[in-house]
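Asker: The following block contains the structure, expressed as structure tokens.
Nothing in this text is a laboratory measurement; each read-out follows from the coordinates by a stated rule. Bear in mind that the values here come from a model prediction, so they are computed numbers and not experimental data.
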Amino acid sequence: MRAKPLTSVFKFNTLTFWIFLFLIFGFLLGVYFPEFSKELKPIRTVFLHGIKCIIAPLIFSSIVVGIGSASSMKSLSKVGIKSIIWFEIATTIALFIGLFFVNFFEPGKGINLMKAADGSVTTALPKTEMSFAVFIEHLLPNNIVEAVAKGDVLQIVIFSIIFGSATLMAGDKGKPVLAFCESLNQVMFKFTDIIMKMAPLGVGAAMAAAIGEHGLSILIPMSKLVGVLYFALIVFVLATLIPALKWSRIKLGPFFREIRPNLALAFATTSSESAYPDTLKSLSKMGVPDRISSFVLPLGYSFNLDGSTLYLAMTSVFVAQAANIDLPLSTQLSMMLLLMLTTKGVAAVPRASLVVLSGTLVTFGLPLEAIPLILGVDEFMDMARTTVNLLGNAVATVVVSRWEKEPLSSEFQNPV
């Protein structure tokens, strides 16, 4: 059998190629020209602003269209229940994997917390107390315009679900609204195509700015935590997401080739929002019905943050280890229960992971002095957890689609 030419395996004129090329270029630029790289941060910011201005109208229109295409409220409720069940399974596994790895490798042992914390690594620490009560209060916005302006994904999702359900219940009178949302949805996808032309440049600038600003030297005292986190996330993907894809009869090669540029974008920009529009398009290309992808994917952005959940489980215990505080297993399990509840609202608060981490440390009497230490390497950890968040939500969508017995495209799904 003749070997496939390289150009057929990796097409050099694709967005994937240019994203990876600029990702490597940005890394090298950050290492060798750190001062210049810091000046590239505005390019990253402009690109992210371009993406973020798409998110609200795209989530709104796609959810309304997805709900409007459902046959009934009963079928929609079934999709919602199945989504929540999978979200709970995945995030619980993520919590326990994080707990196991941080106890097995003990990355915080040997770190003198007060000595290691670099006072020069400063930022505005989150002051919002994150609790389950705050999460409940935050479900609906005072004003939808305010939620859109703040980019509050959770509130936009909840408002869109209620609005879409009302449109479906309105019957014929809701059809003009549904037609408008279908048109808006298509226009926003075209808008996305225009913004994504900037993706390689935005990715390269993001990587260069991150390396130039934080440098590689800051990784040395915290390298064990970063390494253990990456290892744990890989194990989570192999032990949870890959089996879920196999259960869904997904062909792994085509699946990962399709979402590869989306994962690279999320990794470089530390923003899963940046990859939302193209991930939605990728799922549609795979054959996932709009009523499922347009409902499950945005819902997962608030309720299924696997990477962030694992990160929080690990860093909470890491702080105790670095402070030389012994946490019995019962306390750690109580901490996991708290995280299981509070991580459901992390998308609702700016600097969400740090808000939850700070609240957890205070609740269990652990020192907040660890926050500046973690912040020094948080950019590098954020890249990994954001990528897993996005992958987890894509997997959740195809799992629910399989659960609903919806056949996917033969290019992506194995026969029974």
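Asker: With θ set to phi - 60° and the Karplus curve 6.51 cos²θ - 1.76 cosθ + 1.60, what are the ³J(HN,Hα) couplings of segment 187-202 in order, to the nearest whole Hz, using x for Gly and Pro?
Answerer: Karplus-based 3J(HN,Hα) across segment 187-202 equals 5, 5, 5, 5, 4, 4, 4, 5, 5, 5, 4, 8, 4, x, 5, x Hz.
Asker: Sticking with this one: ILE250's amide H: which non-local residues (gap 5+, or another chain) put their own amide H closer than 5 Å, with H modeled 1.01 Å from N in plane and none for Pro or chain starts?
Answerer: Correct list: ASN414.
Asker: What residues have an amide H closer than 5 Å to that of GLY287, excluding those fewer than 5 places away on the same chain, when H is modeled at 1.01 Å from N in the peptide plane?
Answerer: Result for GLY287 returns SER409.
Asker: Could you give me the ³J(HN,Hα) list for segment 325-333, computed from phi with Karplus coefficients 6.51, -1.76, 1.60 and θ = phi - 60°, whole Hz, x at Gly and Pro?
Answerer: My calculation for segment 325-333 gives 10, 7, 10, x, 4, 4, 5, 5, 5 Hz in order.
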